[in-house]
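I have placed the structure first, in the form of structure tokens, so that the comments after it can refer back to it.
The values are calculated or read from the model by the stated rules, or taken from the named source; none is laboratory data. Only a predicted model underlies this, so the values are computations on that prediction, with no experimental measurement involved. Here the Cβ positions follow ideal geometry from the backbone for every residue, glycine too, while neighbour counts run over all protein chains shown. All accessible areas refer to the heavy atoms of the entire protein, side chains included, with ligands and DNA or RNA removed. Shrake-Rupley method; radii C 1.70, N 1.55, O 1.52, S 1.80 Å.
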Amino acid sequence: MDFQSVLQVNNCTVKINDTSILKDVTFEMIPGRITALVGHNGAGKSTLMKAIIGSIEKSEGTILINGMNQDETFADYKYQFSYIPEEPLLLNELTVFQHFQLYQKSYDIPDAIFAERVNKYTELFELMDRLDEYPESLSKGMRQKAQTICALLPDVPLLLIDEPFMGLDVYAGADLEKLLCERREQGTSILLTTHQLDKVHDLANDFVMLTDGCISSLGKIEHFEKLDRRDSK
Ligand SMILES: Nc1ncnc2c1ncn2[C@@H]1O[C@H](COP(=O)(O)OP(=O)(O)OP(=O)(O)O)[C@@H](O)[C@H]1O
């Protein structure tokens, strides 16, 4: 086992209704880098994200974060990552601030760090005046911002982000980009999906390309630049 990898996905197959959506997927991420998961619509990117967070069952393979096996130590495994889904998954009965508190409790975030990050991120994403509101009164972009802040509150080794810039205005997108770079400098590894190839080039160190549920290529971002761009749409 290679403990230098923050994420190891080994020979993963995921089936939905007997159809293989992911087929024998194997790749790893080394710490402190941003990896872009790219591929056309329906290639299996979100399914792979869901397999990593454990919300979809694999039929074969293993997934390890920091050497912790998803199938053996799930309680510890889940503290190794936070996840921003493509569509915000907020709870109707909790206010924005209560969502933040839920993350504080789940990840044992010390009060001082929690207060500092809530202030910093809500100011940055202009949610300061929305803390006591429920998700239904927020716009989609605001819900996405609240969800993004939740995932950025803990210090986790691995951040998983499905379409991070979807629904964010250009200012919020640029702020998020800066925050992700800041986190990478602090040693966090980030796996993100995006169709925005300019972002892939600006942000990522590595790429993994999925084609029809299989990895069709992977490597350093410099090599992605040499690929035919039509392959990644
Ligand atoms: N719950 C489901 N039931 C049946 N098929 C599904 C289900 N979820 C995903 N699929 C199928 O799995 C394949 C991969 O879907 P997935 O959402 O992972 O792709 P994606 O690469 O994230 O696409 P996009 O870029 O459009 O977000 C698609 O063919 C999709 O129809």
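Going by alpha carbons, how many degrees (0 to 90, nearest 10) lie between the helix axis of 170-185 and the longest principal axis of the chain? Between helix and principal axis, roughly 70 degrees. The 1.4 Å probe gives accessible areas that order 68, 128, largest first, as 128, 68. Taking the three principal axes of the alpha carbon atoms in the chain, the coordinate ranges are 46, 39, 36 Å, sorted in descending order.
With protein chains left intact and a 1.4 Å probe, residues in the chain average 49 Å² of accessible area per residue.
Quick one: dipole size for the chain, taken about the Cα centre, charges +1 on Lys/Arg Cβ and -1 on Asp/Glu Cβ, in debye to the nearest 20. Dipole magnitude for the chain comes out near 380 debye.
Cβ under 13 Å from residue 117's Cβ, residue 117 left aside: what net charge do those residues give with Lys, Arg +1 and Asp, Glu -1? All intermediate terms of the calculation are to be shown ahead of the outcome.
Numbers: positive: 120, 183; negative: 111, 116, 123, 155, 182.
Net charge in that neighbourhood comes out at -3.
Over the range 139-223, the hull volume per residue, using the convex hull of the C-alpha atoms, is 108 Å³. Taking every alpha-carbon pair within the range 1-97, the share separated by more than 15 Å comes to 65 percent.
Net charge within 10 Å of residue 166 by Cβ-Cβ distance, Lys/Arg positive one each and Asp/Glu negative one each, not counting residue 166 itself? Every neighbour counted, the sum reads -3.
Peptides 71-80, 114-123, 41-50 ranked from most to least packed give 41-50, 114-123, 71-80, packing being the mean of other C-beta atoms within 10 angstrom over each peptide's residues.
How large, in percent, is the carbon and sulfur part of the accessible surface of the range 18-76 at a probe radius of 1.4 Å?
It is 45 percent, rounded to a whole number.
For residue 214 and residue 17, the difference between the fully extended length at 0.36 nm per residue and the C-alpha to C-alpha distance is 69.1 nm. Pairs spanning more than 32 Å between alpha-carbon atoms, out of 23/120; 105/220; 58/178; 78/145; 23/178: 23/120; 105/220; 58/178; 23/178.
Of the heavy-atom accessible surface of the range 174-217 (probe 1.4 angstrom), what whole percent is carbon and sulfur? Answer for the range 174-217: carbon and sulfur cover 45 percent of the accessible area. Heavy-atom accessible area, probed at 1.4 angstrom with all protein chains present, ranks 131, 138 as 131, 138, highest first. What the Cβ-Cβ distance of residue 120 and residue 69 gives, at R0 = 41 Å and to the nearest 0.05, is a FRET efficiency of 0.75.
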